[in-house]
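Only the coordinates and a few stated rules stand behind these numbers; no lab work does. Note that this is a predicted model, so its numbers are computed, not measured. Cβ atoms come from the backbone with ideal geometry, glycine included; neighbour counts cover every protein chain shown.
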Amino acid sequence: MPGSEHDIIRLCVYCGSNAGAEPTYAAAATRLGAALANRGIGLVFGGGSVGLMGLVADAVMAGGGEVVGVITEQLVGAEVAHRELTRLEVVPSMHERKARLCDLADGFIVLPGGFGTVDEFAEMLTWNQLGIIAKPVVLLDVNGFWEPLLAWMDKAVECGFVRPAHRMLAQRALSVDDAIALATAPVPDTPHKWLDRDATPVRGVPQP
């Protein structure tokens, strides 16, 4: 809609609030931010000035791009809020933060990170699986960082906990250009998540 906050494409980047032990992680964050700015794609992120978060935001701002940060009151109090953004929104809780990041974004790119990064990635993946949203989720696999997580997903399919179609919702990119291409492409339709409902009724679960 003209005049809405979605006049431009925005991608949410999830990543570590630390820079990581290898310089390749920081380099990837900077390349991603520069590429977003060069393509006129806005950045939505967790609003921090530290770690990979700060690096990707700085790179977008340096390229003249738009950066919207969403941070909690508690983290502002810890003095990690980035003060040099296009816009910084402060919300009361982590739940509201994650929901707002999702509202603002058209897709998601996941750089290396820790517990919080995996939490955010898994929630958006689950929301796609449940049909709550239909927005691409892309793991930017820097130096094989996400390979163990990808292997676990394959194991979950093998063991009957995840549909192959839903496994494909967690897309993998090996370069910044591929990550942006995947994150701005349509998400394919997927079936419901309950494999048991395809054949055998599950006790206590209403059948369609």
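Within the chain, the longest segment free of exposed loop sites, counting chymotrypsin sites (Phe, Trp or Tyr not before Pro) that fall outside DSSP classes H, G, I, E and B and have at most 14 other Cβ atoms within 10 Å, spans 1-160.
When the Cα gyration tensor is reduced to axis lengths a ≥ b ≥ c, the ratio a/c stays below 1.5 for region 17-143, which is therefore classed as rounded. When Cys12, Cys159, Cys102 are arranged by Cβ crowding within 10 Å, least crowded first, meaning fewest neighbours, the order is Cys159, Cys102, Cys12.
The relative contact order of region 77-149, computed from alpha carbon pairs under 8 Å that lie at least 6 residues apart in sequence, is 31 percent.
Here is the list for region 50-142: GluC sites (Glu not before Pro) lying in DSSP coil, each with at most 10 other C-beta atoms within 10 angstrom of its C-beta, are Glu79.
Based on C-alpha pairs under 8 angstrom that are at least 6 apart in sequence, the chain has a relative contact order of 19 percent.
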